[in-house]
Amino acid sequence: MSSPLGRVPARGESVQWREFGSEAILLDPVTGQFAQVNTSGVAIWAHIDGRRTVEEIARQVATEFEVDQADVVADVQAFIDELIDKQLLTLAS
């Protein structure tokens, strides 16, 4: 089994999003699933492209917020897992 950090999340094909200031709403009109995300979630979402691993996304977010990557890895994983549960993300690999 591969490491959770090596997973590659991808946005759901029908997911739409709109930013409101520093927050955003993610919505899949097909399933009706949605999520309201904060500043950190918007930063994570911006790096989910179906090519970057969870580890690479965490590294990018850590750089943006000028914090240690180890401090954000669990938050990035939890955010991605929540959006997978809501079918707003899939795993590309």
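The values are calculated or read from the model by the stated rules, or taken from the named source; none is laboratory data. All values reported here derive from a predicted model rather than from experimental measurement. Every residue, glycine among them, receives a Cβ derived from its backbone with ideal geometry; neighbour counts consider all protein chains shown. These accessible areas exclude ligands, DNA and RNA; they are computed on the full protein's heavy atoms, side chains included. Shrake-Rupley method; radii C 1.70, N 1.55, O 1.52, S 1.80 Å.
The table below lists the values:
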{"item": "Percent carbon-and-sulfur accessible area, the chain, ignoring ligands, DNA and RNA, probe 1.4 Å", "result": "49"}
{"item": "Under Karplus coefficients 6.51, -1.76 and 1.60, residue-wise ³J(HN,Hα) of the stretch 74-85 in Hz, glycine/proline x", "result": "5, 5, 5, 4, 5, 4, 5, 4, 4, 6, 5, 4"}
{"item": "Relative pair counts by distance (%), Cα atoms of the chain, 10 Å bins", "result": "18, 53, 27, 3"}
{"item": "Solvent-accessible heavy-atom area per residue, rounded to whole Å², over the chain at 1.4 Å", "result": "60"}
{"item": "Rounded to whole Hz, the Karplus (6.51, -1.76, 1.60) HN-Hα couplings of the stretch 18-29, x for glycine and proline", "result": "9, 8, 10, x, 9, 10, 8, 10, 10, 9, 10, x"}
{"item": "Other-chain or far-sequence residues with amide H under 5 Å of residue 89's (modelled H)", "result": "12, 84"}
{"item": "Proximal charge balance of residue 59 [Cβ under 11 Å; K/R count +1, D/E count -1]", "result": "-3"}
{"item": "Contour minus Cα-Cα distance for residue 92 and residue 68 (0.36 nm per residue)", "result": "6.0 nm"}
